[in-house]
Amino acid sequence: MSDNKILQPTTIIIFGSTGDLAKRKLFPAFYNLYISGRMPKGFNILALGRADNSDEYFKNYIKENLEQFSRKKISSEDWAGFQAHITYFQHQLDEENSYKDLYEKLEKFDKVYGKRGNRLFYLSIGPNFVSTISNHIKNASLASDPEKDRIIIEKPFGHDKESAIELNNLLAETFEEEQIYRIDHYLGKETVQNILAFRFGNSIFEPLWDCKHIESVQITVAEEVGVETRGSFYEETGALRDMIQNHLLQILCMVAMEPPASLESGEIRDRKVDVLKSIRRISSDKVDHYAVRGQYGKGTVNGAKAKGYRQEEGIAPDSNTETFVAVKFYLDNDRWQDVPFYVRTGKKMKEKHSYITIQFKPLPTSTFSETSQQLSANRLIINIQPLMDIRLQFMAKQPGLSLVLKPVEMIFDNFACQEDTPEAYETLLLDALMGDLTLFMRSDQVEEAWDVVKTIQDTWEGRKDSSFPDYEAGSWGPEESFALVERQGHSWV
Ligand code: BG6
């Protein structure tokens, strides 16, 4: 959504600046924005951490990480310019005095800007600390200007509907809704943003985008990675909370939403909430019919031996946490009546591949029926990553003397058109600096999304799954996930 807008001097305050997200995503994103000339003229990154690190030590650490994770190569000249904007600041999250010191530090930056700068608080910390930090920010008057101060909060936003409501209420004591940026990095991905352009910028697809023409929709986010070093976090989270409640439901909203009247952020977010509201809630006694969970055991991923989930660091040997989820959703509205939306996600799957499949209905009658040729119904595949393309599959005549049809594919390759594709975090951080909320989640979106998965969550939490582990690392997930779609005569693409 980002465009050219003059940005006001800004201080970015990162809570959790020595964590994984900061090193892999945030600093690389700020660096890449900086070298593309997209950062404000005056800006400071105040990196907060518990440890007594020197500025020099911290900057070296960031430089090493940039060498590994930056999208563009780092040059000594650019680094020299960028590092001058970073300050490490020792800080204790739960100590009032630390926030008083922070207040003074922020004032010093403002003096150099010659005016009260904007403040962007980035909470790159576990969800348990959000309320503590938000309270301290309020008590220390750190975010006293609703026009200039913003807070970015990482997912998971709460751990269920009730806690999300609580958190929203708590944040509302310090921030207006327009100041709160709840991040879901999938919305910053180029290919996910392109869904909006593809659907509403063309006249040929929208008339076909409904239950009259579409038979089913599939959304797959398959990962090769396991839980890596995040075992203790993941044990408390699982795939339903980590991926379905946010990333997959947000993609579903992009596919299913009604055309927004404008690109105004409130309008787009309203249309997405409409989708979430229309998703039929699954009653507790039907959870097994509509949802499947799984957990990976040992296996082989990409030719390398892989541990099972229960053998990973920080995981209980009898863990009940799911690393795979597949769900069949229905939307109760005119456009999508009776069209199944299958979503699935899993860790340690056969390959990393995220994609959306729009399966069109077969022809009701066929000119070619006499020739007993099998016609494949049309299919549109939107590859999100690592492929970034859109493929339309249709039937065409095979060149030759007889009239034989074969399925062919027409491909639009996003990558080939634009090699210099920004990372999701670059897009989202720039939007936050500019004050554009479109790609961030509003409180009601988050609460609705929790509501959609509530019965699944409650049912699974209250029941031990004795079949775990039930899929091999390096496979496409448990058998039941195939049965979920086959029952209806469909199959995963
Ligand atoms: C994060 C999840 O939100 O998204 C991770 O917490 C997951 O578990 C990651 O691996 C996937 O993101 P991406 O951009 O690599 O597909």
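The values are calculated or read from the model by the stated rules, or taken from the named source; none is laboratory data. Model, not experiment: these values are computed from the prediction. Don't worry about glycine lacking a Cβ; one is built from the backbone with ideal geometry, like all the others, and counts go over all protein chains shown. Note: areas computed on protein heavy atoms with side chains; ligands, DNA, RNA excluded. Shrake-Rupley method; radii C 1.70, N 1.55, O 1.52, S 1.80 Å.
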On the given criteria, is residue 334 away from the ligand (no atom under 16 Å from the Cβ) and loosely packed, with under 12 Cβ neighbours inside 10 Å?
yes
Scan the range 467-487 residue by residue and report those that are over 25 Å from the mean Cα position of the chain (by Cα) and in a loop (DSSP other than H, G, I, E, B).
467, 468, 469, 470, 487
For the range 155-176, what are the residues that are open to solvent by less than 10 Å² (accessible area, probe 1.4 Å) and either among the charged types (D, E, K, R) or within 23 Å of residue 43 (Cβ to Cβ) (or both)?
175
Name every residue in the range 135-154 that is modelled with pLDDT under 95 and either among the hydrophobic types (A, V, I, L, M, F, W, C) or open to solvent by less than 40 Å² (accessible area, probe 1.4 Å) (or both), in order of residue number.
154
Qualifying strands (runs of 3 or more DSSP E) (wholly inside the range 228-326; at least 2 residues being open to solvent by 60 Å² or more (accessible area, probe 1.4 Å), at positive phi and of a type outside the set (Val, Ile, Thr)):
none
Condition broken by residue 129, with the remaining ones in (1) at pLDDT below 95; (2) crowded, with 17+ Cβ neighbours inside 10 Å; (3) of a type in the set (Phe, Trp, Tyr) satisfied
(2)
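Table: residues versus (1) in a helix (DSSP H, G or I); (2) closer than 19 Å to residue 246 by Cα.
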{"residue": "420", "(1), (2)": "no, no"}
{"residue": "426", "(1), (2)": "yes, no"}
{"residue": "429", "(1), (2)": "yes, yes"}
{"residue": "438", "(1), (2)": "no, yes"}
{"residue": "445", "(1), (2)": "yes, yes"}
{"residue": "450", "(1), (2)": "yes, yes"}
{"residue": "453", "(1), (2)": "yes, yes"}
{"residue": "456", "(1), (2)": "yes, yes"}
{"residue": "465", "(1), (2)": "no, no"}
Report yes if residue 391 is among the basic types (Lys, Arg) and assigned to a loop (DSSP other than H, G, I, E, B), otherwise no.
no
Of everything in the range 342-386 that's buried (at least 19 other Cβ atoms within 10 Å of the Cβ), assigned to a loop (DSSP other than H, G, I, E, B) and touching a residue at least 24 places away in the same chain (Cβ under 8 Å), which residue is farthest from the ligand (Cβ to nearest atom)?
348
Quick check on residue 206: is it modelled with pLDDT of 95 or more and either away from the ligand (no atom under 16 Å from the Cβ) or over 30 Å from residue 217 (Cα atoms) (or both)?
no
Matching residues in the range 177-194 (buried (at least 17 other Cβ atoms within 10 Å of the Cβ) and away from the ligand (no atom under 16 Å from the Cβ)) number 2
Based on this model, can you work out whether residue 266 counts as over 28 Å from residue 127 (Cα atoms) and more than 16 Å from the ligand (Cβ to nearest atom)?
no
If a residue has to be farther than 21 Å from residue 169 by Cα and surrounded by fewer than 18 Cβ atoms within 10 Å (Cβ to Cβ) to count, how many in the range 439-458 make the cut?
1
Please go through the range 130-165 and give me each residue that is over 23 Å from residue 431 (Cβ atoms), in contact (Cβ under 8 Å) with a residue 12 or more places away in the chain and either among the acidic types (Asp, Glu) or within 16 Å of the ligand (Cβ to nearest atom) (or both), ordered by number.
159, 160
So, in the range 61-76, how many residues would count as being of a type in the set (S, T, N, Q) and assigned to a helix (DSSP H, G or I)?
3
